[in-house]
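Visitor: Could you have a look at this structure, given as structure tokens, before my questions?
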Amino acid sequence: MIQLPYVEPIFRPPSEAYSLILQVTNGCSWNNCTFCEMYTQPQKRFRFKPIEDLEKELAEIASEGPPVRRIFLADGDAMTLSYRRLKLIMQAINHYLPDVQRVSSYCLPRNLKNKTVAELAELNAMGLSLFYVGCESGDNLVLERVNKGENFESSLVALQKIKAAGAKSSVMILNGMGGKKYSEQHAVNSARLMSEAQPEYLSTLVVSFPTGVKRYQQGFGGEFEALDQAGLFQEMYWLLDNLDLENTIFRSDHASNYLVLKGNLGRDKPRLLQTVRAALDNPGSVRLRQEWMRGL
Ligand SMILES: C[S@@+](CC[C@H](N)C(=O)[O-])C[C@H]1O[C@@H](n2cnc3c(N)ncnc32)[C@H](O)[C@@H]1O
Ligand code: SF4
């Protein structure tokens, strides 16, 4: 069994559970979102791994392991690496692991600012074809409150760039992120962003505060009031209702959600809305995840 030299903790999207996790960077280059504690421990200070080290890891995997089909490039925003470095990584992956069919990465909109569509298309042709983008919201005020460092426009430009390059995007939106006061505008503007961008995948998670709400609350000037279960469902209703998607795989099944929703949007929009309506009007009629089963 090969032991890769991971700097823990490592996070990956649920859909990458069976992928090889290749840690090409450590931590997150931004690391300032007030809700995110994922890379705040001292050993997670941002840095990238030299290509020679990655080559050694890939050679070891190639010599010992079964064929690798999917790779996730960790950590928090591996797409911050330059086009040149990403190309070297993809060349090395294709050299050592020729069976790889898909390489994916977390990606902040600003990671793509200095990359052209032609460069992204070249990386896509080499297999780097799926980007998980934590838009979190399409509402500029909420994005500012949580210090995401992005806005509606920057998020849209990045998602359009990914599409133009022939790659796919999987967007995360955070349910409950604006609290009571901004719930409706967060939902409506997030739906507007998604409708304009038409991502291939969309998932929602419920914002949670495992180490306390203090830092988050500061961004809201003390006026953040967390949504209760009914508030989260109402926000989900607003989001779904305002979405105008043609062919997006929608998942609200992350462990942080009370209500599990899955489907294709637009096709399944009426069914999903009906489920959320039932959860709102008659909570006993739908299966909800119990509090003790929820997590990040
Ligand atoms: C490991 S982060 C990396 C994402 C990437 N850096 C970005 O911002 O696009 C993956 C996602 O976890 C989610 N996340 C982080 N902290 C969270 C929290 N406290 N509650 C719920 N979801 C959270 C956010 O949706 C975030 O985009
Ligand atoms: S959400 Fe993404 S960009 Fe924000 S701090 Fe966490 S990993 Fe970094």
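We did not get these values from a lab; they are worked out from the coordinates using the rules stated. Computed from a predicted structure; not experimentally measured. All Cβ positions, even for glycine, are placed from backbone atoms using ideal geometry, and neighbour counts span all protein chains on display.
Visitor: Among His254, Trp238, Leu202, pick out the residue whose Cα is farthest towards the positive end of the charge dipole of the stretch 193-259, where Lys and Arg carry +1 and Asp and Glu carry -1 on C-beta, about the Cα centre.
Guide: Farthest along the dipole direction, towards plus: His254.
Visitor: Nearest 0.05, what FRET efficiency do Ala125 and Lys180 give at R0 = 41 Å with Cβ-Cβ as r?
Guide: Efficiency, rounded to the nearest 0.05: 0.30.
Visitor: Here is a further query. Taking C-beta distances below 4.7 angstrom as the pairing criterion, name the unpartnered cysteines of the chain, in sequence order.
Guide: Lacking a cysteine Cβ partner under 4.7 Å: Cys28, Cys107, Cys135.
Visitor: Can you give me the pair-distance distribution of the stretch 99-144, C-alpha pairs, 5 Å bins, whole percents?
Guide: Percent of Cα pairs in each bin: 5, 18, 22, 23, 13, 11, 5, 2, 1.
Visitor: Sort Ser129, Ser208, Ser285 so the one with the fewest other Cβ atoms within 10 Å of its own Cβ comes first.
Guide: With the sparsest Cβ surroundings first, the list reads Ser285, Ser208, Ser129.
Visitor: If each residue's Cβ is checked for other Cβ atoms within 10 Å, how do Arg287, Arg85 rank with the fewest at the top?
Guide: So the residues, fewest neighbours to most, are Arg287, Arg85.
Visitor: Rounded to a whole number of µm²/s, how large is the Stokes-Einstein D of the stretch 60-134 at 37 °C and 0.692 mPa s, given Rh as the Kirkwood radius over C-alpha pairs?
Guide: D, rounded to a whole number, is 259 µm²/s.
Visitor: Write down Rg/Rh for the stretch 188-272, rounded to two decimals, with Rg from the C-alpha atoms and Rh from the Kirkwood relation over Cα pairs.
Guide: Ratio of gyration radius to Kirkwood radius for the stretch 188-272: 1.01.
Visitor: Answer with one residue from Val146, Phe48, Met172: the one whose Cα lies farthest towards the positive end of the charge dipole of the chain, charges on Cβ with Lys, Arg +1 and Asp, Glu -1.
Guide: The listed residue farthest towards the positive side: Phe48.
Visitor: Calculate for the chain the 222 nm mean residue ellipticity that helices alone would give, adding -39,500 (n - 2.57) per DSSP H run of length 4 or more and normalising by residue count, nearest 500 deg cm²/dmol.
Guide: Helix-only estimate at 222 nm: -11500 deg cm²/dmol.
Visitor: Using the alpha carbons of the stretch 4-132, what is the convex hull volume per residue in cubic angstrom, as a whole number?
Guide: In the stretch 4-132, the Cα hull volume divided by residue count equals 101 Å³.
Visitor: Going 7 Å from the Cα of Lys113 along its beta-carbon direction, which residues of the stretch 31-55 have the amide nitrogen within less than 13 Å of the resulting point?
Guide: none
Visitor: When the chain is fully extended, how far beyond the present Cα-Cα distance does His95 get from Glu153, taking 0.36 nm per residue of separation?
Guide: Stretched out fully, the His95 to Glu153 stretch lengthens by 17.1 nm.
Visitor: Sticking with this one: Quick check: from the Cα gyration tensor, does the stretch 155-296 come out rounded (a/c under 1.5), prolate or oblate?
Guide: Verdict is oblate for the stretch 155-296.
Visitor: What is the Cα radius of gyration of the stretch 28-92 over 2.2 N^0.38 Å, N being its residue count?
Guide: 1.31
Visitor: Further, regarding this structure: Using only the Cα atoms, what convex hull volume per residue in Å³ does the chain have?
Guide: So the per-residue hull volume is 131 Å³.
Visitor: Just from the alpha-carbon atoms, what are the Rg and Dmax of the stretch 117-207 in angstroms?
Guide: Answer for the stretch 117-207, Rg first and Dmax second: 13.6, 45 Å.
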